[in-house]
Amino acid sequence: MFLSAIHPAKPSVYNNWTVIVWLILGLMFSPLSRSAEDNTTDPAMVEVISSLITSNRHPYLLHNDIYDQHEDIQALYQLNSYQLVWLKNGALDSQVDDVLALLANAEENGLNAQNYDGSYLARKWLQIKAGQDKSPQALALYDTALNIALLRYLSDLHYGQVKAHNVKLGADIILEQISLAGLIVEAAAQKKPSELVAKVEPVLPVYQHLKEALSKYRQLARTNDFHQFAFTQTLRPGQRDSQMVFLRELLTALGDMPELAETDAENGKLYDASLVKGVKNFQLRHGLGGDGVIGKSTVAAFNMPLADRVRQIELSMERFRWLPRVKEGSLIIVNIPAFQLWAYDSIGMETVPPLNMKVIVGKSLNKQTPVFMANMHFLQFRPYWNVPRSIVKEELLPKLRLNWSYLAGQNMELVNNFGPNATVIAVNDETINLLSRGLLKVRQRPGRLNALGSVKFMFPNDYNVYLHDTPTQNLFKRTRRDFSHGCVRVEDPEALAEFVLKSKDGWDRQRISNAMHRDNPRYVQLDNPIPVIIFYTTAMATADQVLFFEDIYGLDNPLIQALSRPVQKKTADTVVLTE
């Protein structure tokens, strides 16, 4: 997919019904219960706003091109009856310090504080407090500068720093409407600017865990200079190496093993059981299988600078901001480079660990699984596999032309359509020719050989991608699992079916097992749709661990480049950030 690097990413306020309602209410009434005197329009403010809108430049900002915010800044002051927002009770009696602290702490949320001119505005604020310039125009300019910086910050937190044009959303995914201008005016009236972050950032559990991981890894990167490992050969449990003392330090700092009492010099060289357990934990967190053998891939992961891990976490947080703000209910996330699925019982309250299982995703070279979000509506037990046209053309037709009985050997059949009333067609030269022209189709009957296994989980989307069982369970033993044509194969379909059907009466584990292995093909409609996010990120986090993965589709560097460009230049370039 293609994402345009636009700063910030948000809909126009004039196309947003929520903002329009805010504006109407702001002009008709006092939304924040100000007195009649307070509602008097400030001529200096009107003049400053008019000048800013005309010039699209702000003299109090280093990033002074404000075209990205001129609509929102006008809406904000209309809501506030063209009064100062943060300086309304006098420059020395304000909430400016709270807003500046918010901007200064942008790094805590994986953002670059320099993009919001916080340090520059803080110095300007000291000048104002020192009495250097307190004219109405100067105060109006400072108030607008502070709000433009705050709008940029909140926009980046809510929509992301680059705009995802084609992170495909299902037709029935409802986007939350939000007025950043309204939130700022409300926060100023309630004297609660510190609560703004929680009102706009993603509420997904994984995002909050990533935020905690960011703090931990940033601190480790700042305060530690870990040893760079170099082993002359693969190291196995029970062997000795002088670098084991450094390995203990690393694994203890990362939380992969508890801190142990000091050992003598000779025993400190032993790759003992406690170290093996720590290495296995490290390997599992980094997608390296967990066999405890220290080879090239594990050494490379040991030597990865923690600053790079910090960057991976920041990229992951950015990608989660591109998604709709899901607040409640169940949720399924498939992370492509992790080759894993997480199913959350409740987004709003993570009371139990999510269901977690291995998955198989699309081949990295030419069958990549797309990134999108859709709602799961039904399951199909004992499904037919409707073979995609591309597979028929590239794989089946050459074999079928050599051997007419090939389809029968694969429990497949030639049909006139994929519907329930499909007619089975005999295989011969004429029908093979019709198949090559796309006039006939191939499907695989339910059974042991069926490529979809015993159940598929359906969430309608433009890519015809879904989750499904598979007869090739041995592939889940592999560490890297990009083997499919694009769909996602799940390791434990019964457990996933139980999760999906937990609120549907009568569907216990036994009935699910019967439907998968003995019953005839059947559809089961869900009572409530479940959002499914097919996602791509090389860092994930749970309540008790941080996970890192190989960038199998090569999508991290384009995003790093887009985020590293100066704010003023994030308006034209197009980069590939998802597939």
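The values are calculated or read from the model by the stated rules, or taken from the named source; none is laboratory data. Quick caveat, the model's predicted, so the values are computed rather than measured. Note that each Cβ is placed from the backbone with ideal geometry, even for glycine, and that neighbours are counted across all protein chains shown.
Take segment 219-248 and flag every residue that is small (Gly, Ala, Ser) and surrounded by 12 or more Cβ atoms within 10 Å (Cβ to Cβ).
Ala221
Here are the criteria: (1) under 26 Å from Glu550 (Cα atoms); (2) part of a helix (DSSP H, G or I). Tell me which single one Val361 does not satisfy.
The one condition Val361 does not meet is (2).
Tell me, please, whether a residue that is in contact with a Ser or Thr (Cβ under 7 Å, 6 or more places away or on another chain), of a type outside the set (Lys, Arg) and under 30 Å from Met376 (Cβ atoms) can be found in segment 139-162.
Looking through segment 139-162, none of the residues is in contact with a Ser or Thr (Cβ under 7 Å, 6 or more places away or on another chain), of a type outside the set (Lys, Arg) and under 30 Å from Met376 (Cβ atoms).
Quick one: how many residues across segment 216-263 are farther than 20 Å from Ile294 by Cβ, assigned to a loop (DSSP other than H, G, I, E, B) and among the small types (Gly, Ala, Ser)?
1
Sort out which residues of segment 432-478 are over 26 Å from Ile173 (Cβ atoms), buried (at least 17 other Cβ atoms within 10 Å of the Cβ) and of a type in the set (Ser, Thr, Tyr), and write them in order of number.
Ser454, Thr470, listed by residue number.
Look at segment 238-257 and say how many of its residues are more than 24 Å from Gln545 (Cα to Cα) and either in contact with a Pro (Cβ under 8 Å, 6 or more places away or on another chain) or of a type outside the set (Ser, Thr, Tyr) (or both).
Residues of segment 238-257 that are more than 24 Å from Gln545 (Cα to Cα), as a first pass: 238-243.
Filter once more, keeping what is either in contact with a Pro (Cβ under 8 Å, 6 or more places away or on another chain) or of a type outside the set (Ser, Thr, Tyr) (or both): 238-241, 243.
So the count comes out to 5.
How many residues are more than 16 Å from Val203 (Cα to Cα), outside any strand (DSSP E or B) and touching a residue at least 24 places away in the same chain (Cβ under 8 Å) if we restrict to segment 317-358?
5
Based on what the data block shows, is Lys191 in the same structural domain as Gln95 (by TED's automatic domain parsing), out of contact with any strand residue (DSSP E or B) (no Cβ under 6 Å at 6 or more places or on another chain), in contact (Cβ under 8 Å) with a residue 12 or more places away in the chain and basic (Lys, Arg)?
Criteria met by Lys191.
Here is a yes/no grid of residues against (1) more than 30 Å from Tyr217 (Cα to Cα); (2) in contact (Cβ under 8 Å) with a residue 24 or more places away in the chain; (3) within 25 Å of the chain's Cα centre (by Cα); (4) in a loop (DSSP other than H, G, I, E, B):
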| residue | (1), (2), (3), (4) |
| --- | --- |
| Tyr77 | yes, yes, no, no |
| Val85 | yes, yes, no, yes |
| Leu150 | no, yes, yes, no |
| Leu154 | no, yes, yes, no |
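Restricting attention to segment 328-372, which residues are of a type in the set (Gly, Ala, Ser) and touching a Phe, Trp or Tyr at 6+ places or on another chain (Cβ under 7 Å)?
Within segment 328-372, Ser330, Ala338, Ala343, Ser364 qualify.
Would you pick out the residues in segment 168-210 that are of a type outside the set (Lys, Arg) and part of a strand (DSSP E or B)? Walk me through how you get there before you give the answer.
Step one: of segment 168-210, the residues of a type outside the set (Lys, Arg) are 169-190, 193-198, 200-210.
Leu169, the sole residue that qualifies.
For Leu103, which of the numbered conditions (1) more than 16 Å from Asp156 (Cα to Cα); (2) modelled with pLDDT of 95 or more; (3) not basic (Lys, Arg) fails to hold?
Evaluating Leu103 over (1) more than 16 Å from Asp156 (Cα to Cα); (2) modelled with pLDDT of 95 or more; (3) not basic (Lys, Arg) leaves (1) as the failure.
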